[in-house]
Amino acid sequence: MVALPQALTVRVPMLLQGLDRFPRCTILVVGDLMLDVFLWGDVRRISPEAPVPVVEVRRETHLLGGAANVVRNIVSLGGQVRVAGIVGHDAFGAEIRELLEGARVPCSGVITVHDRPTTVKTRVIARHQQVVRVDREEVRPHDSRTSQALLRALETAAGESDAIIVSDYAKGVVSHDVMDAVRSLATRYDIPVFVDPKVIHTDFYHHVTVITPNTQEASAMSGIAVTDEASLETAGRILLEKLQCGHVLITRGPEGMSLFEAGAPPFHIPTVAQKVFDVTGAGDTVIAAMALGASAGLAMRDAAALANTAAGIVVGEVGTAAVDHARLRAALTDGIGYRA
């Protein structure tokens, strides 16, 4: 698809003011907590046992992943966070708790279950390229006791929060009941709801504030093959109407983002990425920065532009990354992609 040519003037001083208010914002993240494991090495030969590369592992890193990476991004950007999610009764679940506690994130909403493992994604990286990914997970729905515990965690945390992020990786946490509870709590406390969706759960996401599909997800959710400007706009309008949500932000990789809202023309934001090494976790960065921006008083268009800048930094790194407050401030101050 050809990038959409539209001049973009962003009020950089206002974005910087919003960024400085992030420490006063608390975001509740509900979703599928994961551990991301990276095995870093070199490939020098092909295995004699099968036509596959032999990776000589040099180092190993463990990072918060899935919804936990959204949490990590919020903390890195300077915001406060509450979390509602589930881990297994295993070493990986304990490690997620340790990483959260190390980031000074309260773990009272992290529920430990005995009937399934913690979700772990292991990526083998050689010479800046992902060779293979190995997943350990179970995706069946949780039992009623676990679901009730999760709903109680949501109830407790929502009253302390300025916004709710639903980070859905379709691993069993996000359900109709969870989304109904999120909408009810958002109404009670008058706070916005941001959803990073999965196509198979499209019907879950009606009447939220913002939904952030990528181009492929927007195509599948709307039933429109997005191939050009016209089909992109059609898909965005269909999703607004179908889900009755306030805004649809379609993330478009190297072509930037497009924000749709009822009664207004689309707002197209060109990418600011200088280089793209890895898009892993970029969606987590987008929704974290956008929810913080809106909670800090920015208009949704300005919050989207802020999120676009954050994502442009993250995709320039290999592995699950999080942009910090200082780097985002420097990018905005340097005028990366925008003008005041």
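Here are the numbers:
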| quantity | calculated |
| --- | --- |
| Matching option when the condition is in contact with a His (Cβ under 8 Å, 6 or more places away or on another chain) and modelled with pLDDT under 95, among HIS114, HIS128 | HIS114 |
| Hey, GLY65 small (Gly, Ala, Ser) and without any contact (Cβ under 8 Å) to a residue 40 or more places away in the chain or not | no |
| Any hit, segment 74-83, residues being touching a Cys at 6+ places or on another chain (Cβ under 6 Å) and either in contact (Cβ under 8 Å) with a residue 40 or more places away in the chain or under 30 Å from GLY256 (Cα atoms) (or both) | yes |
| Selected residue (only one of GLU56, GLU138, GLU98 is surrounded by fewer than 16 Cβ atoms within 10 Å (Cβ to Cβ), modelled with pLDDT under 95 and outside any strand (DSSP E or B)) | GLU138 |
| Selection status of VAL71, surrounded by 14 or more Cβ atoms within 10 Å (Cβ to Cβ) and not in a strand (DSSP E or B) | yes |
| From LEU63, LEU19, residue being within 17 Å of the chain's Cα centre (by Cα) and not hydroxyl-bearing (Ser, Thr, Tyr) | LEU63 |
| Test: residue in segment 162-174 that is surrounded by fewer than 18 Cβ atoms within 10 Å (Cβ to Cβ) and more than 16 Å from the chain's Cα centre (by Cα) | no |
| Of residues in segment 237-264 being at pLDDT 95 or above and in a loop (DSSP other than H, G, I, E, B), the one surrounded by the fewest Cβ atoms within 10 Å (Cβ to Cβ) | GLN244 |
| Neighbours by Cβ (under 7 Å, 6+ apart or cross-chain): first from segment 170-188, without any contact (Cβ under 8 Å) to a residue 12 or more places away in the chain; second of a type in the set (A, V, I, L, M) and surrounded by 15 or more Cβ atoms within 10 Å (Cβ to Cβ) | none |
| Members of segment 189-209 that are surrounded by 15 or more Cβ atoms within 10 Å (Cβ to Cβ) and part of a loop (DSSP other than H, G, I, E, B) | ILE191, PRO192, PRO197, LYS198, VAL208, THR209 |
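The values are calculated or read from the model by the stated rules, or taken from the named source; none is laboratory data. Everything numeric in this text was worked out from a predicted model, so none of it was measured. Positions of Cβ are generated from backbone atoms using ideal geometry, with glycine treated the same way; all protein chains shown enter the neighbour counts.
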